[in-house]
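Undergrad: Just dropping this structure here.
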Amino acid sequence: DHPGVPCVCFCPPIGHYAGVHIQMVRRAGYLGLRTTEFLSLDVPRPQAGLLLMPTTVQAFPHGLVSFTRNAVKRFALAQLWRYVVHGCPAEWPTLAELLLHDAVVHGGVFHLWGHSWEIQDLRQWQRLDDVLRFMGSLAYRIPAVTNGQLCRLFAPLMAASDQPAHATRAASARG
C-alpha cells in the first residue's frame, strides 16, 4: 500500500495456501488474502474471518490450458466460461481490456497483478504500460483502490458473515 499505512492484505508465496494458513494469516492481523484465482470479477469473499480476494488478469502470457487448470483447481468454471465467451484471447493485454470493460459495464472488481521479474524477463513492460494507460482512461468511471483499501471497504461484509444468521436478520430488521 503506502508507507506509514499498515499492510492489511497478504499474498501467499506462489499462491499456495490451505485452511491452516488462512487461520495463521487471520491471527497475524491481516484482513485479506489475495489468491491466484484467475479471470474473476468477484468482490472479496469472507472465509474464516478473512477476505479472500481473487484476481482477474496476471501480466503474464497464460493460455487456455493454464486458465483451465486454474479454474478446475478452484471449482471456478464461471471464470473459465468468461474467458471462452471473450474468444480465448491469446494476449493478456487484450484479455485485461475486455475484462476491465466487463467490470465497468456490469460491476465487479478488476484485479491486475504481476511479478516484476516476469515482466522484465518476458519483456512485458510496454504491454503493462499500455494496459495501465487504458485503466487510467476509465478512472473517471470506476475507482482505483489498493488491496488494503479494498479489504477495508469489504471488512463490514466479513463482520456480518461471522455473525449467526439470527443476529444478522435481527440487525437488518432494525434498519
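Undergrad: Consider Val20 carefully, then state whether it is open to solvent by 60 Å² or more (accessible area, probe 1.4 Å) and under 17 Å from Val145 (Cβ atoms).
TA: Judged against the criteria, Val20 is not a match.
Undergrad: Can you report the number of residues in the range 114-150 which are surrounded by 15 or more Cβ atoms within 10 Å (Cβ to Cβ) and within 18 Å of Thr55 (Cα to Cα)?
TA: 10
Undergrad: If Ala59 meets every condition in (1) closer than 19 Å to Asn147 by Cα; (2) open to solvent by 20 Å² or more (accessible area, probe 1.4 Å); (3) within 15 Å of the chain's Cα centre (by Cα) apart from one, which number is that one?
TA: All conditions pass for Ala59, except number (2).
Undergrad: Continuing with this model, one more query. Among the residues of the range 39-50, is any free of Cβ contacts under 8 Å to residues at least 60 places away in the same chain and open to solvent by less than 20 Å² (accessible area, probe 1.4 Å)?
TA: Within the range 39-50 (the criterion being free of Cβ contacts under 8 Å to residues at least 60 places away in the same chain and open to solvent by less than 20 Å² (accessible area, probe 1.4 Å)), the answer is no, since none of the residues qualifies.
Okay, residues lined up against (1) in a helix (DSSP H, G or I); (2) modelled with pLDDT under 90:
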{"site": "Pro3", "(1), (2)": "no, yes"}
{"site": "Ile14", "(1), (2)": "yes, yes"}
{"site": "Ser40", "(1), (2)": "no, no"}
{"site": "Leu51", "(1), (2)": "no, no"}
{"site": "Thr68", "(1), (2)": "yes, no"}
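Undergrad: Let me ask something else. Can Gly108 be described as within 13 Å of the chain's Cα centre (by Cα) and open to solvent by 30 Å² or more (accessible area, probe 1.4 Å)?
TA: Yes; evaluated as a whole, the condition is true for this residue.
The values are calculated or read from the model by the stated rules, or taken from the named source; none is laboratory data. Here the structure is a predicted model, which is why all the values come from computation and not from measurement. For neighbour counting, all protein chains shown are included, and Cβ atoms are generated from backbone atoms with ideal geometry for every residue, glycine included. Side chains are part of the model used for accessible areas, which takes the heavy atoms of the whole protein and leaves out ligands, DNA and RNA. Shrake-Rupley method; radii C 1.70, N 1.55, O 1.52, S 1.80 Å.
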